1. Among the numbered conditions (1) part of a loop (DSSP other than H, G, I, E, B); (2) under 28 Å from W150 (Cα atoms); (3) among the basic types (K, R), tell me where K82 comes up short.
2. Kindly list the number of the only condition in (1) in a loop (DSSP other than H, G, I, E, B); (2) under 13 Å from I23 (Cβ atoms); (3) of a type in the set (A, V, I, L, M, F, W, C) that fails for I91.
3. Taking the residues in segment 127-155 that are among the β-branched types (V, I, T) and outside any strand (DSSP E or B) as candidates, determine which candidate is least open to solvent (accessible area, probe 1.4 Å).
4. For segment 42-74, name all the residues that are of a type in the set (A, V, I, L, M), surrounded by fewer than 16 Cβ atoms within 10 Å (Cβ to Cβ) and not in a loop (DSSP other than H, G, I, E, B).
5. How many of the residues making up segment 103-120 are in contact (Cβ under 8 Å) with a residue 60 or more places away in the chain and open to solvent by 60 Å² or more (accessible area, probe 1.4 Å)?
6. Would you please list the contacts, defined by Cβ atoms under 9 Å and residues six or more apart or on different chains, that run from a residue in segment 52-71 that is within 10 Å of I91 (Cβ to Cβ) to a residue that is open to solvent by 70 Å² or more (accessible area, probe 1.4 Å) and among the charged types (D, E, K, R)?
7. Condition check: more than 12 Å from the chain's Cα centre (by Cα), closer than 22 Å to N127 by Cβ, at pLDDT below 90 and not small (G, A, S). Does N66 satisfy that?
8. Is it the case that some residue within segment 22-41 is touching a Pro at 6+ places or on another chain (Cβ under 8 Å), part of a loop (DSSP other than H, G, I, E, B) and either open to solvent by 20 Å² or more (accessible area, probe 1.4 Å) or in contact (Cβ under 8 Å) with a residue 24 or more places away in the chain (or both)?
Amino acid sequence: LKEGKNRMDISVLPFCRVKDPVISYDAASKKMIAQFYVELGDPSRANKISNVAFCANTQLFVGCNNLNLAKDHKPAKAQDIKPGELVTLEIDTTAPENADLFKYSTQDRYFRIAAMAEGNGYNTEKNKYYNFSPIFKVSADFSKIEQVKWDDVQW
């Protein structure tokens, strides 16, 4: 690589993909809802969906574990998730466990979906890797949900 603009095309095959993610808010139940499908990258390698998560944060950089403020999401049972089947996850915005995420009524929030596949000796070690959906920005009053476009992010 040289100083200045560089371009490198690298082909990768993820263990799985989060497909067709839809993030919505149900005002009646006061829940954020994620619906999506999981597609395996190469079933001869990682062939089992081992975990899914609905992640949220008050900052743009949302992910699993330390970048996830959603404590009370209702996960699907990973062993019941089949590739290509619709998966639904929920986050209760009124749950005390989620107070840090929803305590400020003037703050936008960011959501994304994580999925993990493993099997046949792939992604089975201590450090397992997730694949993520795009990030979605939700307005403070839940009225507007839009996918984050990285070119529009103010750094």
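1. (2)
2. That leaves (1) as the condition not met.
3. Restricting attention to segment 127-155, the residues satisfying the condition of being among the β-branched types (V, I, T) are 135, 138, 145, 148, 153.
Filter once more, keeping what is outside any strand (DSSP E or B): 135, 148, 153.
Values: I135: 8, V148: 24, V153: 29 Å².
So, considering only residues that are among the β-branched types (V, I, T) and outside any strand (DSSP E or B), the one least open to solvent (accessible area, probe 1.4 Å) is I135.
4. Start the filter on segment 42-74 by keeping residues that are of a type in the set (A, V, I, L, M), which leaves 46, 49, 52-53, 56, 60, 62, 67, 69-70.
Right, trim to surrounded by fewer than 16 Cβ atoms within 10 Å (Cβ to Cβ) and you get 60, 67.
If the condition is that a residue be of a type in the set (A, V, I, L, M), surrounded by fewer than 16 Cβ atoms within 10 Å (Cβ to Cβ) and not in a loop (DSSP other than H, G, I, E, B), then L67 is the only one that fits.
5. Number satisfying all stated conditions: 1.
6. Once the first residue is within 10 Å of I91 (Cβ to Cβ) and sits in segment 52-71, its partners that are open to solvent by 70 Å² or more (accessible area, probe 1.4 Å) and among the charged types (D, E, K, R) give F54/K74; L69/D100; A70/E97; K71/E97; K71/D100.
7. Details: more than 12 Å from the chain's Cα centre (by Cα): yes; closer than 22 Å to N127 by Cβ: yes; at pLDDT below 90: yes; not small (G, A, S): yes.
Yes.
8. yes
The values are calculated or read from the model by the stated rules, or taken from the named source; none is laboratory data. Computed from a predicted structure; not experimentally measured. Cβ: placed from backbone, ideal geometry, glycine included. Neighbour counts: every protein chain shown. These accessible areas exclude ligands, DNA and RNA; they are computed on the full protein's heavy atoms, side chains included. Shrake-Rupley method; radii C 1.70, N 1.55, O 1.52, S 1.80 Å.
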